[in-house]
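The values are calculated or read from the model by the stated rules, or taken from the named source; none is laboratory data. In this text the structure is predicted, and so the values were computed from the model without any measurement. Ideal geometry is used to build each Cβ from the backbone, glycine not excepted, and the neighbour counts take in all protein chains shown. Protein only, heavy atoms only, side chains kept; ligands, DNA and RNA dropped before computing areas. Shrake-Rupley method; radii C 1.70, N 1.55, O 1.52, S 1.80 Å.
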Amino acid sequence: QVQLVESGGGLVQAGGSLRLSCAASGSIFSINTMGWYRQAPGKQREWVAVIRSGGTTDYRDSVKGRFTISRDNAKNTTFLQMNSLKPEDTAVYHCNAAIARYARAYEWTYWGQGTQVTVSS
């Protein structure tokens with residue numbers, strides 16, 4: 001059994017900051033990529049950022065320069081530091097991770113339940 005649990009969401013004024021965390025727990029051998037997605041009301045889920053096992057990162061254009069993804073491999077945790085937040089960043093933020101539960105196992109993608117981020121204007 002593997003679980004991903006996000007935390008750190010909340011209500012913030014435009015221009016403010018939030019730091020999201022996502023901790024993976026359970027039967028984990030290794031974690032490859034970890035990423036963040038978001039879904040605003042009435043819209044499809046969209047990719048936000050990804051960090052690979054080697055530490056390389058990518059971001060969607062609209063968050064470049066404002067968001068930073070990082071990870072703590074010892075704690076199986078990924079973080080999303082969000083600065084200069086805008087009302088259009090309002091969404092439920094979900095993390096995911098590609099996890100192998102034992103050596104040479106297939107990597108399955110697991111998802112967290114999401115955390116609400118609301119940015120007021």
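Limited to the stretch 15-32, what total is found for residues that are closer than 13 Å to Gln81 by Cα, assigned to a strand (DSSP E or B) and open to solvent by less than 60 Å² (accessible area, probe 1.4 Å)?
Qualifying residue count for the region: 4.
Kindly provide the set of residues from the stretch 33-61 that are open to solvent by 50 Å² or more (accessible area, probe 1.4 Å), closer than 24 Å to Ala100 by Cβ and touching an Asp or Glu at 6+ places or on another chain (Cβ under 8 Å), ordered by number.
Tyr37, the sole residue that qualifies.
With the requirement that a residue be hydrophobic (A, V, I, L, M, F, W, C), outside any strand (DSSP E or B) and open to solvent by 20 Å² or more (accessible area, probe 1.4 Å), what does the stretch 78-121 give you?
The answer is Ala103, Ala105.
Could you run through the stretch 62-77 and say how many residues are of a type in the set (D, E, K, R) and either under 13 Å from Ala49 (Cβ atoms) or surrounded by 15 or more Cβ atoms within 10 Å (Cβ to Cβ) (or both)?
Number of matching residues: 3.
Residue check, Pro41 against (1) under 21 Å from Ser121 (Cβ atoms); (2) at pLDDT 95 or above, all met but one. Which one?
(2)
Can you give me the number of residues within the stretch 43-77 that are outside any strand (DSSP E or B) and under 24 Å from Ser25 (Cβ atoms)?
We begin by selecting, within the stretch 43-77, every residue outside any strand (DSSP E or B); these are 43-45, 52-56, 60-66, 73-76.
Checking the rest, the ones that are also under 24 Å from Ser25 (Cβ atoms) come to 45, 52-55, 73-76.
So the count comes out to 9.
Residue by residue through the stretch 1-14, note down the ones that are open to solvent by 60 Å² or more (accessible area, probe 1.4 Å) and farther than 18 Å from Asp89 by Cα.
Gln1, Gln3, Val5
Before we move on, is Arg38 within 14 Å of Leu4 (Cα to Cα) and in a strand (DSSP E or B)? Walk me through how you get there before you give the answer.
Working: within 14 Å of Leu4 (Cα to Cα): no; in a strand (DSSP E or B): yes.
In short, no.
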